[in-house]
Ligand code: ZN
């Protein structure tokens with residue numbers, strides 16, 4: 001994204017210089033700004049500055065989160081903000097509100113500091129150098145204030161969506177607060193989308209999709225969380241597990257799949273779980289090659305397992321994150337059951353309608 005931004009900023013430099021002059025009321029000497037490749041060099045500097053601003057914004061979220069005892073695994077920087085990968089805990093409005101506000105307020109502070117510097121540089125002796133600095137910091141000042149405003153839109157996955165939910169959650173149950181916040185987010189997405197199409201603006205359309213998906217994810221995750229509350233893996237798993245051995249021939253595995261209608265089997269050797277084999281593993285080899293092969297040749301060794309006492313929401317999280325359909329349940333070293341996507345859906349349906 002940085003070269004793209006650098007190019008956009010560089011190619012519109014004459015127009016933006018005029019805009020910054022008008023907005024800040026400070027005359028800008030353009031001799032250095034417009035010379036040679038300087039527009040693109042300045043574009044690169046401003047693009048890097050913008051990303052640095054997004055980085056500081058995310059660090060602000062993370063520091064508040066850490067201070068409130070939430071672990072942050074990683075931070076992904078995106079064009080219009082970042083995503084902090086935090087432990088998925090059920091949000092507590094007392095924690096969520098300051099955490100969500102910290103980022104935008106930091107962007108606002110950066111924006112104000114950059115804008116203030118615009119009025120300091122004109123005192124420099126070299127007007128051409130002063131012009132470059134006024135342009136750069138003026139631009140970054142505007143971008144950071146926009147970042148502040150954009151992130152406070154009351155729509156998931158923007159910070160404003162979390163602020164709205166935290167504010168609502170003080171007055172009503174979390175599930176209702178999430179539903180309302182998600183609906184507001186979807187409404188914003190539709191409005192953005194319509195404007196994007198009318199103005200033929202691809203960026204607005206992308207943002208609309210981004211917000212729509214974010215609203216749905218937030219609502220779905222919370223619904224699952226509430227449905228699966230205090231259900232353990234043991235409650236949902238199937239106890240009688242059909243297993244295969246590493247030495248089971250692949251043609252026999254296919255027969256077993258037809259007989260049992262199971263599409264995946266734990267692989268057990270002398271009572272210990274050593275792997276898992278699924279229909280998609282079988283499909284990795286051609287039907288002719290299968291004749292001479294055994295389960296051990298295609299299985300996934302050391303699969304992810306869960307103890308029976310684990311919360312069922314963990315199974316959902318692992319299946320979604322890893323894109324897998326079944327998790328063996330292991331107590332000590334012994335295989336005691338298996339939990340599948342179907343088991344999860346069954347529990348959710350029971351909980352919803354039962
Ligand atoms: Zn943020």
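None of 177, 130 is in contact with a helix residue (DSSP H, G or I) (Cβ under 6 Å, 6 or more places away or on another chain) and outside the structural domain of residue 20 (by TED's automatic domain parsing) except 177.
Looking at 293, 299, just one residue is surrounded by fewer than 17 Cβ atoms within 10 Å (Cβ to Cβ) and modelled with pLDDT of 90 or more, and that residue is 293.
In the condition set (1) surrounded by fewer than 13 Cβ atoms within 10 Å (Cβ to Cβ); (2) in a helix (DSSP H, G or I), residue 221 is compliant with all but (1).
Check off (1) free of Cβ contacts under 8 Å to residues at least 60 places away in the same chain; (2) within 12 Å of the ligand (Cβ to nearest atom) for residue 147 and give me the number that stays unchecked. Among (1) free of Cβ contacts under 8 Å to residues at least 60 places away in the same chain; (2) within 12 Å of the ligand (Cβ to nearest atom), residue 147 violates only (1). Evaluate the following for residue 200: is it at positive phi, surrounded by fewer than 19 Cβ atoms within 10 Å (Cβ to Cβ) and not assigned by TED's automatic domain parsing to the domain that holds residue 95? Answer is yes for this residue. When 141, 103, 111 are checked against the criterion of being in the same structural domain as residue 92 (by TED's automatic domain parsing), within 16 Å of the ligand (Cβ to nearest atom), crowded, with 22+ Cβ neighbours inside 10 Å and at pLDDT 90 or above, a single residue qualifies: 103. Return the total of residues in the stretch 150-176 being without any contact (Cβ under 8 Å) to a residue 60 or more places away in the chain and away from the ligand (no atom under 12 Å from the Cβ). Counting residues in the stretch 150-176 that are without any contact (Cβ under 8 Å) to a residue 60 or more places away in the chain and away from the ligand (no atom under 12 Å from the Cβ) gives 8. Suppose the filter is in contact with a helix residue (DSSP H, G or I) (Cβ under 8 Å, 6 or more places away or on another chain) and either modelled with pLDDT of 90 or more or not assigned by TED's automatic domain parsing to the domain that holds residue 334 (or both); does residue 266 pass it? No; evaluated as a whole, the condition is false for this residue.
This table checks each residue for (1) within 30 Å of residue 335 (Cα to Cα); (2) free of Cβ contacts under 8 Å to residues at least 24 places away in the same chain.
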position: 200; (1), (2): no, yes
position: 204; (1), (2): no, yes
position: 212; (1), (2): no, no
position: 215; (1), (2): no, no
position: 222; (1), (2): no, no
position: 227; (1), (2): yes, no
position: 235; (1), (2): yes, no
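Report yes if residue 251 is modelled with pLDDT of 90 or more and either assigned by TED's automatic domain parsing to the domain that holds residue 183 or touching a helix residue (DSSP H, G or I) at 6+ places or on another chain (Cβ under 7 Å) (or both), otherwise no. Against the criterion (modelled with pLDDT of 90 or more and either assigned by TED's automatic domain parsing to the domain that holds residue 183 or touching a helix residue (DSSP H, G or I) at 6+ places or on another chain (Cβ under 7 Å) (or both)), residue 251 qualifies. For the stretch 76-85, the criterion of a residue being more than 16 Å from the ligand (Cβ to nearest atom), outside the structural domain of residue 313 (by TED's automatic domain parsing) and either more than 26 Å from residue 214 (Cα to Cα) or at pLDDT below 90 (or both) is satisfied by no position. Do we have residue 343 as in contact with a strand residue (DSSP E or B) (Cβ under 7 Å, 6 or more places away or on another chain), within 14 Å of residue 241 (Cβ to Cβ) and either without any contact (Cβ under 8 Å) to a residue 12 or more places away in the chain or part of a helix (DSSP H, G or I) (or both) here? So residue 343 fits the description; yes. Taking the listed residues 329, 267, the one that is touching a residue at least 24 places away in the same chain (Cβ under 8 Å), under 12 Å from residue 233 (Cβ atoms), surrounded by 15 or more Cβ atoms within 10 Å (Cβ to Cβ) and touching a strand residue (DSSP E or B) at 6+ places or on another chain (Cβ under 9 Å) is 329, with no other qualifying.
The values are calculated or read from the model by the stated rules, or taken from the named source; none is laboratory data. A quick note: this is a predicted structure, and the numbers were derived from the prediction, not measured. A quick note on method: Cβ atoms are made from the backbone with ideal geometry, for glycine too, and the neighbour counts reach across all protein chains shown.
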